[in-house]
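As C-alpha cells, the structure follows; a few thoughts come after it.
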Amino acid sequence: MQDFLARMVDAYTIGRDATRVGLVNFAEQVDMYFTMDSFNDAASVKAAIKSMPYLGTADPTTNTPEALRVARTQCFDPNRGARPDKTNVVIIVTDGLPTPSNREEEALNEAAMLANGHTIVVAVGITNAVTEDYIRGLSSRPKELNKQYFLLPNFNALTSIYSSLSVTTCPTEESKYVKFICMFGWIFHSFMSK
C-alpha cells in the first residue's frame, strides 16, 4: 500500500504553488499523519508515506466515518495548508466495511458532506469484503465504475488502476496545479486522497 501511495505522488507536481498533499492514517484510531503544509516536495512526501505506522490492532473495528470527518475538517483546513480556491480530491482505498456496521451509514454521510463541499471523492474497494454499493456510495457523482470508484480483488491489483486514477483525479496538466491530495491509509483498511 505504501508503495502505491508513493507512486501516486509521482503523478503530480508537488509544491507550495502546485499540488499539496495531506495524509490521514486510520483503523479504529484516526491520525492526521501530515497536513497540506507539511511538505513542499515529492521526496519528503514519499519518505513520510514510507514511514507511516500501521495502526491496526487486535480490535477489528474500523472508524471510516471519523477518518472522512478528519479529512473534511482538518485536511482541507486553510490553516493547515489547504487553499479554498482550489479543487479538493479525496481518494479512499479500503479493504473492508466500517465496523461496527452502524458506522457504514455515517461513513456514507461523511463522504456526501465532502462531495457537497466541492471535494471530489474517489473510492477504491479492495477484496470481496467491500460491497460495490458501499464503494459507489462513497464516491462523487456521476459514480462511474473505473472512474469515480474502483473494485479490486487484492492489494497487488492497485498497480492496475494507477493510470486511470491519475487521469480521474487530475485530467489535464494544467489542473495539476489546482488540486490537493489528502491520502487516507491504514495498511489493512487503506484510504488515500488527492
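Taken together, ALA115, ALA82, ALA107 contain a single residue that is assigned to a helix (DSSP H, G or I), farther than 19 Å from VAL30 by Cα and of a type in the set (A, V, I, L, M), which is ALA115. Checking each residue in the range 122-138 for being touching a strand residue (DSSP E or B) at 6+ places or on another chain (Cβ under 7 Å) and closer than 17 Å to LEU158 by Cα picks out VAL122, ALA123, VAL124, GLY125, ILE126, VAL130, GLU132, ILE135.
Among the conditions (1) over 14 Å from the mean Cα position of the chain (by Cα); (2) open to solvent by less than 40 Å² (accessible area, probe 1.4 Å); (3) not aromatic (Phe, Trp, Tyr), the only one that GLN29 does not satisfy is (2).
ARG20 meets the stated requirement of being under 16 Å from the mean Cα position of the chain (by Cα), among the basic types (Lys, Arg) and closer than 14 Å to ALA71 by Cα. Scanning the range 103-145 for residues that are open to solvent by 20 Å² or more (accessible area, probe 1.4 Å) and of a type in the set (Asp, Glu) yields GLU104, GLU105, GLU106, GLU132, ASP133, GLU144.
Only one of the numbered conditions (1) of a type in the set (Val, Ile, Thr); (2) open to solvent by less than 60 Å² (accessible area, probe 1.4 Å); (3) in a helix (DSSP H, G or I) is not met by VAL90, and that is (3).
Do the conditions hold for ALA157, that is, is it assigned to a loop (DSSP other than H, G, I, E, B) and either over 25 Å from GLU28 (Cβ atoms) or open to solvent by 60 Å² or more (accessible area, probe 1.4 Å) (or both)? It is false that ALA157 is assigned to a loop (DSSP other than H, G, I, E, B) and either over 25 Å from GLU28 (Cβ atoms) or open to solvent by 60 Å² or more (accessible area, probe 1.4 Å) (or both).
Summed over the range 160-170, the residues that are assigned to a helix (DSSP H, G or I) and either buried (at least 20 other Cβ atoms within 10 Å of the Cβ) or touching a residue at least 60 places away in the same chain (Cβ under 8 Å) (or both) give a count of 5. Of the residues in the range 55-62, not one is assigned to a helix (DSSP H, G or I), acidic (Asp, Glu) and more than 25 Å from GLY137 (Cα to Cα). Selection over the range 10-25 of residues that are among the hydrophobic types (A, V, I, L, M, F, W, C) and crowded, with 24+ Cβ neighbours inside 10 Å gives a count of 3.
Per the conditions (1) free of Cβ contacts under 8 Å to residues at least 40 places away in the same chain; (2) in contact with a strand residue (DSSP E or B) (Cβ under 8 Å, 6 or more places away or on another chain); (3) closer than 17 Å to ILE14 by Cα, the sole criterion not satisfied by THR99 is (3).
The values are calculated or read from the model by the stated rules, or taken from the named source; none is laboratory data. As the structure is a computational prediction, the values presented were derived from the model and not from experiment. Every residue, glycine as well, gets a Cβ built from its backbone with ideal geometry; the counts of neighbours run over all protein chains shown. In case anyone asks, the SASA skips ligands and DNA or RNA and just uses the protein heavy atoms, side chains included. Shrake-Rupley method; radii C 1.70, N 1.55, O 1.52, S 1.80 Å.
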